[in-house]
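Nothing in this text is a laboratory measurement; each read-out follows from the coordinates by a stated rule. Keep in mind that what you see is a predicted model, and the values were worked out from it rather than measured. Neighbour counts run over all protein chains shown; Cβ positions are idealised from the backbone, glycine included.
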């Protein structure tokens, strides 16, 4: 779990994480990975995101464990006057404030840009919303599937008769990562100006980034693409194929790979077939090429297909179940998963490593996601509150 000590570029940076679910908390986790002192602030009874699919003895769920490593935690009733005063003091001392809430909620809780910048002109406020702070949708709420659905991605997934969303929250994770990138840029800018700024991300913005190439194509050609199950839009065979022992995904793109694929399956004459002239032509005849590959895979094991493709240098991968992912030693050995601790328990869980590996920066998971309010008292003392005041806050239900 521990790495050889390297530099922590965000050491000394104080981050207040008022976020919930994924976009805000994961942005804060990425900053914590780089050494920032991140305080997660949640409701006195715990945030809604803490207990989704409870795993631990205290009821913490997998999303919470992933999104809140390397943080300290406190509880706070932001609806009370005393809670708002504590929140103000947190903002006064912060370098970065993170709040993924709709505009009205931001204003009501005193976390909008005008309020935060008035309290602390050097603070960087990170806001991640569903649709953005401007435009007709700004006050609407939504989760990851907002970005999937309204970017065109869901329309192009599944079949024309049945669109599919993906249960993998790539829009949320992408938004969080983009916000962390924005914080780093804003910190560099603050070194020059001494002033903070608003960093805004949204699920819809992230969604259209992911589908932008297809949007460009539509704008220029009017091609009106529809979902094609697992077939590729351009190139073939691009599909998911069943072997005798499991599934594989194959992507044949470009003439060199296509020629190697033809040789691999023992069909060299396909190279001169008019349906295989180039990627767009093969895409238009995708089912023809997929059927050939289905038949070739149908009599082979998954390992035989993977080995043959590796020898021919044809892009392929096994379709792994979650159980197979965590059991694959290559994934762990490469550092993609880190078997980390759970707070106050002996169990280890597979946590995704920070997204970037550095040669001289210690981007690492150093501590597990904290139990509810684990650091409330120490954080309040750091803010200048006395033991008596902290005790009173507890009696009043402020923390």
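How far is it, in nm, from the label point at residue 328 to the one at residue 181 when both lie 7 Å from their Cα along the line to the Cβ?
2.5
Distance between the C-alpha centers of segment 65-102 and segment 329-399? Whole Å please.
First find each Cα centre; the distance between them is then 15 Å.
Report the residue, chosen from 38, 116, 314, that carries the largest GNM mean-square fluctuation when the chain is represented by alpha-carbon nodes joined by springs under 10 Å.
Per the Cα network of the chain with a 10 Å cutoff, 314 tops the list.
How big is D, in µm² s⁻¹, for the chain by Stokes-Einstein at 4 °C and 1.567 mPa s if Rh is the Kirkwood radius over C-alpha pairs?
Working: Rh = 23.8 Å.
Estimated diffusion coefficient is 54 µm²/s.
Give the value in nm², to one decimal: projected area of the alpha carbon convex hull of segment 52-136, averaged over all directions. Before the final figure, lay out the partial values.
Numbers: hull surface 28.7 nm².
Taking the Cα atoms of segment 52-136, their convex hull projects to 7.2 nm² on average.
What three numbers, in Å, describe the spread of the alpha carbons of segment 238-321 along their principal axes, ordered from the longest?
In descending order, the Cα extents are 35, 22, 19 Å.
Using 0.36 nm times the number of residues separating residue 284 and residue 141, minus their current alpha carbon distance, what extension gain do you get? Please list the in-between numbers first.
Values: separation 143, 0.36 × 143 = 51.48 nm, distance 3.89 nm.
Stretched fully, the residue 284-residue 141 segment lengthens by 47.6 nm.
Anyone know which of 108, 205, 89 comes out most mobile in the 10 Å Cα GNM of the chain?
Taking springs between Cα atoms under 10 Å, the residue moving most is 108.
Starting with the fewest neighbours, write out 26, 181 ranked by other beta-carbon atoms found within 10 Å of each beta-carbon.
Numbers: 26 28, 181 14.
Result, fewest neighbours first: 181, 26.
Nearest 10 degrees, 0 to 90: what angle lies between the long axis of helix 302-312 and the longest principal axis of the chain (Cα atoms)?
Its long axis makes an angle of about 80 degrees.
Measure nothing fancy, just the Cα-based angle from helix 387-396's long axis to the longest principal axis of the chain, in degrees from 0 to 90, nearest 10.
70
Contour minus end-to-end for residue 344 and residue 188, with contour as 0.36 nm per residue of separation and end-to-end as the Cα-Cα distance? Mind showing how you got there, number by number?
Values: separation 156, 0.36 × 156 = 56.16 nm, distance 3.73 nm.
Contour length minus the Cα-Cα distance gives 52.4 nm.
How high is the FRET efficiency between residue 388 and residue 84 when r is their beta carbon distance and R₀ equals 22 Å, given to the nearest 0.05? List each step's numbers first, then the result.
On the way: r = 20 Å, r/R0 = 0.92.
Calculated value: 0.60.
Can you tell me the orientation of helix 255-264 relative to the chain, as the angle in degrees between its alpha-carbon axis and the longest Cα principal axis, to the nearest 10?
60
Please identify, among 43, 269, 93, the residue showing maximal mean-square fluctuation in a Gaussian network model of the chain using a 10 angstrom Cα cutoff.
Among 43, 269, 93, the largest GNM mean-square fluctuation belongs to 269.
Which residues among segment 155-180 fall inside the zone where the amide N is under 17 Å from a point 7 Å beyond the Cα of residue 229, along Cα→Cβ?
156-165
For 10, 231, 195, what ranking results if the residue with the fewest other Cβ atoms within 10 Å of its Cβ goes first? Walk me through the intermediate numbers first.
Details: 10 24, 231 17, 195 13.
So the ranking, lowest neighbour count to highest, is 195, 231, 10.
Say each of residue 301 and residue 220 gets a label point 7 Å from the Cα, pointing the same way as Cα to Cβ; how far apart are those two points in nm?
4.6
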